[in-house]
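Here the structure is laid out as C-alpha cells; the discussion comes afterwards.
The values are calculated or read from the model by the stated rules, or taken from the named source; none is laboratory data. Computed from a predicted model, the values in this text were never measured in an experiment. Backbone-built Cβ (ideal geometry, glycine too); neighbour counts: all protein chains shown. Heavy atoms of the whole protein, side chains included, go into the accessibility calculation; ligands, DNA and RNA do not. Shrake-Rupley method; radii C 1.70, N 1.55, O 1.52, S 1.80 Å.
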Amino acid sequence: MLYSFTGGPDGRFPVSTLVLDSAGNLYGTASSGGANNQGVVYEIVKTTAVVKPTSLTFGPQPLNTTSSAKRISLFNTSSIPITVTSVNVQGDFAISANTCQNGVRPDTHCDIYVTYTPTGTGTAPRTGTITFVDTAFNSPQSAPLSGTVPYPTKTSVSTSGSPSFVGQSVTFTATVT
C-alpha cells in the first residue's frame with residue numbers, strides 16, 4: 001500500500017487510472033474529499049534515500065574490545081520527509097548513537113554511529129550489515145560492515161643455562177611468533 005486516503009483534503013475514493021511521470025511520481029483523482037467534498041487531483045511523490053558511505057570498514061580490533069564509532073548516514077534525496085522506522089545491525093557491530101529517530105527532512109540526512117566489538121575466538125574477518133527501514137520508495141537500504149581481528153602473538157623466553165650461579169654469564173633468547 002502506497003497511501004491511505006483520509007477523506008479530508010487528500011481526498012477519498014480514488015477512481016482514476018494512475019499516471020506515472022518520468023521522475024516516478026504518481027497522479028490520479030479521487031471522487032470525494034477536498035474542498036467542498038468535490039474530489040481532488042492528487043500526487044504521490046517517489047521518495048528515495050541513499051546510504052553514505054556505501055560501506056564501513058573497521059581496522060584490527062582485539063577480541064572483546066570496542067572500537068571508536070564510525071558514522072554512516074541516510075540521505076533523503078526527495079522533496080518530502082522520510083520516516084525511519086528502524087535501523088538494525090548484524091554481526092559484531094552495534095549502534096552507539098542514532099539521529100534518525102525524528103525522520104529525515106527533504107534534502108538532508110540523519111546519522112548513525114556504529115562500533116565494532118569482535119567476540120568469540122579466531123582471527124577471521126568479521127562481517128555484518130546495517131539496514132535502514134523507512135518510508136522511502138527504495139526501502140530498505142543496506143550497507144555492508146566489516147572488521148578484522150589482529151593475529152595473536154606468542155612470546156617465549158629461554159636461557160642458555162638453568163640453573164645458573166652468581167657471576168655466571170647467561171643468554172636470554174626471546175621468540176615472538
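Can you give me the accessible area per residue for the chain, using a 1.4 Å probe, in Å²? It would help to have the intermediate numbers written out before the result.
Details: 10870 Å² over 177 residues.
Roughly 61 Å² per residue, with all protein chains present.
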**Request:** Quote the relative contact order of region 29-78 in percent (integer), defining contacts as alpha-carbon pairs under 8 Å separated by 6+ residues.
**Result:** 37 percent
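Size of the dipole of the chain about the Cα centre, Lys and Arg at +1 and Asp and Glu at -1 on the beta carbon, nothing else charged, in debye to 20?
Values: 8 positive and 7 negative charges, 91 e Å.
It comes to approximately 440 debye.
If you stretched the chain out fully between Thr77 and Leu26, how much longer would it get, using 0.36 nm times the residue separation minus the C-alpha to C-alpha distance?
Working: separation 51, 0.36 × 51 = 18.36 nm, distance 1.74 nm.
Residue separation times 0.36 nm, minus the Cα-Cα distance, leaves 16.6 nm.
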**Asked** What list of ³J(HN,Hα) couplings, whole Hz, do you get for region 26-38 from phi and the Karplus terms 6.51, -1.76, 1.60, once you set θ to phi - 60° and write x for glycine and proline?
**Response** 10, 10, x, 10, 10, 7, 9, x, x, 4, 6, 6, 9
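Given 0.36 nm per residue, what is the gain on full extension from Glu43 to Thr85 after removing their alpha carbon distance, in nm?
Details: separation 42, 0.36 × 42 = 15.12 nm, distance 2.32 nm.
Length gained between Glu43 and Thr85: 12.8 nm.
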**Request:** Could you pull out which residues in region 36-75 have an amide N less than 18 Å from a spot 7 Å beyond the Cα of Arg12, following the Cα-Cβ vector?
**Result:** 36-42
**Prompt:** If r is the Cβ-Cβ distance from Lys52 to Val157 and R0 is 41 Å, what FRET efficiency results, to the nearest 0.05?
**Reply:** 0.25
**Complete:** Note on the chain: contact order normalised by length, alpha-carbon pairs under 8 Å, 6 or more apart, percent, works out to 19 percent
**Asked** So, in Å, what gap is there between the alpha-carbon centers of region 151-176 and region 74-129?
**Response** 50 Å
**Asked** Tell me, what % of the accessible area of the chain is carbon and sulfur with a 1.4 angstrom probe?
**Response** 56 percent
**Prompt:** What distance in nm separates the simple spin-label points at Thr131 and Ala69, each placed 7 Å from Cα in the Cβ direction?
**Reply:** 2.3 nm
**For region 113-127, Karplus couplings with θ = phi - 60° (6.51, -1.76, 1.60), whole Hz, Gly/Pro x** = 10, 10, 10, 10, 10, x, 10, x, 10, x, 10, 4, x, 9, 10
**Fill in**
Sorting Pro150, Ile80, Gly167 by the position of each Cα along the dipole of the chain (Lys, Arg +1; Asp, Glu -1; all at Cβ), the one nearest the positive end of that ordering is Gly167
**Message:** Cα atoms only: what Rg and Dmax, in Å, come out for region 33-177?
**Reply:** 26.8, 109
**Request:** Could you list which residues have their amide H under 5 Å from that of Tyr42, counting only those 5 or more apart in sequence or on another chain, with H placed in the peptide plane?
**Result:** Gly28, Thr29, Ala30
**Complete:** Scoring region 1-59 by relative contact order with C-alpha pairs under 8 Å, at least six apart, yields a percentage of 28 percent
**Request:** Name the aspartates and glutamates eligible as straight-distance cross-link partners of Lys46: C-alpha to C-alpha under 20 Å, and not fewer than 8 places from it in the same chain.
**Result:** Asp10, Asp21, Asp107, Asp134
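For the full complex of protein chains and a 1.4 angstrom probe, list Val89, Val41, Val15 by accessible area with the highest value first.
On the way: Val89 40, Val41 120, Val15 95 Å².
Reading off the accessible areas and sorting them downward yields Val41, Val15, Val89.
What ranking of Leu145, Leu63 comes out by heavy-atom accessible area, probe 1.4 Å, highest first? Numbers along the way, then the final one.
On the way: Leu145 5, Leu63 60 Å².
Result, largest first: Leu63, Leu145.
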**Complete:** antiparallel share of DSSP beta bridges within the chain, to nearest 5, in %, is 90 percent
**Estimated vicinal HN-Hα couplings, Hz - region 44-59 in sequence order (Karplus 6.51, -1.76, 1.60; Gly, Pro = x)** = 10, 7, 6, 9, 9, 9, 10, 8, 9, x, 6, 7, 10, 10, 9, x
